[in-house]
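Worksheet for the structure shown next.
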Amino acid sequence: MMRTKPVLKLRRHWATALLLAAASTAAILGSSDPAAAKAAANANPIVFHDARAQAAELIRENDRITLTPAQEKIRKEALSSIAAPCCAEYSMATCCCPCNLARSTWGLSKVLITRNHANAALVTQAVNEWLAFINTSGFTGDACDTGGCSRAFEKNGCGGMDAKKLIS
């Protein structure tokens, strides 16, 4: 049985933003091929549509992808500006622990940086959209102190601590 790889897709405005970023990069590097810039921007786009399935996939990507030092700098810059939704005294770059919420955002940032060549601003925006998508009511920032480690994302929780047992 052949297993197909799931494909993540970006919202339309993300594709446009990445197209502009790729076009700018191509111009800076001296490339005048708009088709190449568009192809780079649209490579593996992401659309948020299924929090549980996509969180599981992003957690796997977090474990699979190793960033270069330059890419890690982008990730840290992007995520350091976001308070961890489960423990607001930490940034999303470190969180207080590797919960499934943190792992999913780290995976999202790694995918955007490695596949879409996203800059820190685009990663920050996408992570904020992901957090809003997985909990439309918003996070209180104190889930770790209120038993949230064992609650689903949409219930102001971390989605669990075991990557293989995502709580939904």
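Please treat every number below as a calculation from the coordinates, not as lab data. Please read all numbers here as calculations on a predicted model, not as lab measurements. Because the Cβ atoms are built from the backbone with ideal geometry, glycine has one as well, and the counts that use them run over all protein chains shown.
Per-structure values
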read-out	value
Unmet requirement for C99, which otherwise passes all of (1) within 13 Å of A51 (Cα to Cα); (2) surrounded by 17 or more Cβ atoms within 10 Å (Cβ to Cβ)	(1)
Close pairs from the range 106-129: first in contact (Cβ under 8 Å) with a residue 12 or more places away in the chain, partner aromatic (F, W, Y) and assigned to a helix (DSSP H, G or I), Cβ under 7 Å, at least 6 apart	L108/W130; A126/W14
Considering residues of the range 43-80 that are of a type in the set (S, T, N, Q) and crowded, with 16+ Cβ neighbours inside 10 Å only, the residue farthest from G148 (Cα to Cα)	Q71
Where a residue in the range 145-168 is in contact (Cβ under 8 Å) with a residue 12 or more places away in the chain and its partner, wherever it lies, is of a type in the set (V, I, T) and assigned to a loop (DSSP other than H, G, I, E, B), with Cβ under 6 Å and at least six apart	A152/I167; N156/T140; G159/I167; G160/I167
